[in-house]
Each structure stands twice: as structure tokens, then as C-alpha cells.
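The structure appears right after this line, and notes come after that.
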Amino acid sequence: MQLRAWQSWLPCLIIVGSLGRAAGAGAQNPSVPQLARPGAERPSVPALVAFADSFVSSHGSDSGWICDRFTPTATGYQHTESFWYGPQQFRTTVVSFSPGMVVDSVRARGQSRGLVLDLDVVYTGQRAVGWYYRTDPDSLTKVPFETDMPDSAFDAAAQMGLLPSFDWHVGMQRHLLEFEPIHARTSSAVLSVVAEDSITVPAGTFATYRAELMLAHTTVYLWFTRAAPHRPVKVLDPAHQWTTEMVRLIE
Amino acid sequence: MDLRAFRPWLPCLVAAAGTACVAPGTPRSTLAPRSPAAPITTFADSFLDVLHRPARSDTGWLTDRFEATANGYRLTAAFGIGPMVFRTTTVFFDLDMVVDSVRGWVRGLRYVEYAVTYAARRVTGWYQSGNAEYSPRVAIAGVRPDSAFEANAIKVLLPRLPWAVGMKRTLFEFNPISASTQTWIITVLDEEQVTVPAGTFEAFRAELADPAEREFVWYTRDVPHRCLKLVDVTNDWSMELIHY
């Protein structure tokens, strides 16, 4: 595994042990019927400033790191996320956005449980065209695909790039449709900003919004900075014993 | 497998006209307008199911019954194959063929029971999964994408497509239990004469595909289009009409 390529933008990286199961975070059901969808509002320009953050992440007894970098490009914006959970579980995903924060393309490289992860997809409206490598017992097969996603859905890999551009405030609720092009499957989730919290993570203490992301059978808890750009500070998935906390923030 | 038991409640026939699907090939999909004048015909069909395996094949049955009720329509699908799975699903539609609610259960190797109600795009309900001794009830609260339809309603929606060689549609199939939507692309490939246990029919042959799975279906050329045969290439499973 060539880690050197990532080291240039991972200036401060801390890997700590398992944070384990979080207490007091039981699943709840969405109760507010009013829904807004991504794309219904355009992101505010001040929110779209470049940032690069790194996180410590733990999943059960395993631990690793995640790095997010959001940068303007000649044609819009680019969000790069890398994570490392050991030599068989690592990935770098690059999502390109238009100036209006519509996903143009996604490229992912890495390994998942030792299997090759290699994906390219380009979006034109709702149409997704691309290819991925499927790992068979004794070979790798390049599989082209062409499919559609429902109206207002977005590539699931774009979630962490899109969330900072939302209009964060207590009471905000949005319906998210996250599309996985390889499986042509769209997952529904409801994001609700429920409170303001001051939380402390390895990177410091932050005034944050606490949000709940309600999936089919579980709820994931998110803390994003109250200050724009609203950037992730902590993510907690109690059902899967998965926790991510910011360890370094670079303006 | 004695299919005679199903015959008393298998009297008549299928449906017609347009549905809420999206045409691929254009950058942005558009929903076909709802067709309130579309004729809705009740039907009841039964099928022979075969799950092909290297060592042996398991045979089973599937019955679909679509009928009018006091406040809309009801589709009841019952399925059983070998000793493994028995499943019954009931979908309730309003008079405009919008899905109101779904109830279902699975028995055999799995124990599942669920009930969901739709209010526009919002879906609420519960499901239980486990075994006969322990199956905790879990709440369902999700949102269906605009253009998606309840997965269990596909047997009523497919006959309402404008079947013709070359027809291509994107279908968004919503599963409320997993709060996920599967994209399928259906393409009518050609016309064929097909023989199934129920007889010989002039049929359209269509491919129903997502990136991971591929099925072929045969529907009658005559309106109302009804399902004659299905071959699931990926899972080595097929079914053929035996009685209508």
C-alpha cells in the first residue's frame, strides 16, 4: 500500500484505539412530515470554501483514519475523501461537483475486505454511466453499466461533500436519496438537525449542530460546526459501533 | 404440487395502459402523466415456479389475484417453493391505483411479517423478522422517491406499460422495509410465439435488468398484457403461466 501519496495532505494524523459503543443514542423515527430535497436549494456561496480535515475513526475494535478535502476547481468543486482501516480496507474517493453542487462524476480506488474497489461514473442529469471492476474467484472483470437514479437523488459518495453546503439550523429536515450506481440502488434517509451542542474532539472544542440521519433501521448521529462552512466534527453510528472524530482542521 | 386448489379463485384477467415510469435516454427523466381513464381490469393468474440448481430443481407456485374492493383495488400474491419459503403479500390501491398500504408475511426458513401504509411519499409501518419464537417488531418510517412505486405493485404496473417492440423504460422499485429503491430498465426486445402450460400465445419478449441481475419476461401481445413467462438468468429461476 502506497501511503506516501497521501502523506502530503495528511499533516497531522492520529490513530487511537476503539472508542467503542456510544451510550444514550437510541434510534428514533422521523416525525416531521415536511421534507426538503437536495437540489431544491442552492448552496450558499460563503459555505463553499476550501477545507481539508482529518479524522480518527473506529469501527468496533478496529481503528483507522479518514481525510476530507474540499477544493474549488476550474469547473466547480472537488471533494476527496480517503480512509484507511488497514491494508485490506482503504479507499480514496474523488467527487467532482458543478458550480451548483450537482455531482458530475465519482472516481473511487482502493480495497474493500481485500477485494479491489475501482469505480468510475459520470452523471448527466439522472443518467449514470461508468464501469467498475468486479472481483471473481480468479480474475478481475471490468463491468460497464448505464442506469438511472430517481429524481433528486445523488451519488452516495457525495454525501460528505454535500452536507456542508446545506442550510444548517435547528429544525432543518431534509430527505436524502443516496444512489449507489454499481447496484442501481437508492437509499432513503431523513436528516434532521435537532439541537446545538458544544462538543470536544481531538481537534478541539466546537460549537456544533447535532443532527440525526435516520436510515431504514438505524440512526446515525452527526455533529457539524455551527460556523460556516459547516464541516463535520463527529459522526457516531451506534448500531455499527462506528465513530469518527475530527483530529485536525485546516482552513 | 397440486395446483387445482387454486383454480376456484382464478377466474379472469389483466390490466392495461400507462404507468409512472421514466424513459431513459434523456438527460433528465420525466414522469409519464397519470392516466385516469386507463382501464383497470381485474385478473387472477397462477404460475409454475422452478428454481434450477446443479443437483436438482425445486418447483413451486405463484398466484396473483387482482380484484376490485369497495374503495379501490387489492392485489394478493401467494408464493411457495419447496419446503423453503411461503409468502403472501396483499397490496391495497385506491381508485386511482395509488398504493395505500401493504401487508405481507413469509414463513418457512424465514419468519417475516410486515405492514406499511403510504401517505403520499411518506411510508410508516412495522416489520418483524426472526423465527417463530423470537421476531422483534421494528418500526418503519421512510420516504419514497417521487417516481418510485411500491415493489409489490410491479405485477399490476407492468401490464399497464405501452408494450411495443423497442419500448424502453426505467422503473424505480421502492422497498419500504429497507427504505431503498432499485432501478430496473425494461426493454421490449421482440415478438415471439411462446408455449407455456396454459397454452400457446403471441408474446412480447422483454429484458428487465439492473447492473447485477438480468431477467427475461414474456407478456401477451393482446391487451390487457399479461405475464406468460419469466426467466431469471442471474438466479436460475423461472416461472410459467399455468392457469388464468
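Computed from the coordinates by the stated procedures, all read-outs in this text should not be read as laboratory data. Since we're looking at a predicted model, the values are computed, not measured. Don't worry about glycine lacking a Cβ; one is built from the backbone with ideal geometry, like all the others, and counts go over all protein chains shown.
The stretch A:146-203 and the stretch B:85-138 have their alpha-carbon centroids 27 Å apart.
Averaged over the residues of A:150-157, the number of partner chain Cβ atoms lying within 10 Å of the residue Cβ comes to 4. For a straight C-alpha distance cut-off of 18 angstrom, the aspartates and glutamates reachable from A:K142 (same-chain residues fewer than eight places away being disregarded) are A:D118, A:D120, A:E180, B:D210, B:E213.
Could you compute the net charge surrounding A:R69? Neighbours are other residues with a C-beta less than 10 Å from the C-beta of A:R69; K and R count +1, D and E count -1. Combined, the nearby Lys, Arg, Asp and Glu give -3. The residues packed around A:F179, meaning those with a beta-carbon under 12 Å from its beta-carbon, carry a net charge of -3 if Lys and Arg are +1 and Asp and Glu are -1.
Across the stretch B:183-194, computed HN-Hα scalar couplings (Karplus, 6.51 cos²θ - 1.76 cosθ + 1.60, θ = phi - 60°) run 8, 10, 10, 9, 10, 7, 8, 6, 10, 8, 9, 10 Hz from first to last residue, x flagging Gly and Pro.
Between B:D222 and A:L115, the simple label model (points 7 Å from Cα in the Cβ direction) yields a spacing of 4.6 nm.
With a cut-off of 19 Å, note down the residues of the stretch A:145-175 whose backbone N falls inside the zone around a label point 7 Å from the Cα of A:A227 toward its beta carbon. In the stretch A:145-175, the label zone of A:A227 (backbone N under 19 Å from the point 7 Å along Cα→Cβ) covers A:164-170. Cα gyration tensor of the stretch A:53-163, axes a ≥ b ≥ c as square roots of the eigenvalues: rounded (a/c below 1.5), prolate (a/b > b/c) or oblate? Because a/c hits 1.5 or more and a/b fails to exceed b/c, the stretch A:53-163 counts as oblate. For the stretch B:181-244, just say rounded, prolate or oblate: build the C-alpha gyration tensor, square-root its eigenvalues into a ≥ b ≥ c, call rounded for a/c under 1.5, and beyond that prolate if a/b exceeds b/c, oblate if not. Verdict is prolate for the stretch B:181-244.
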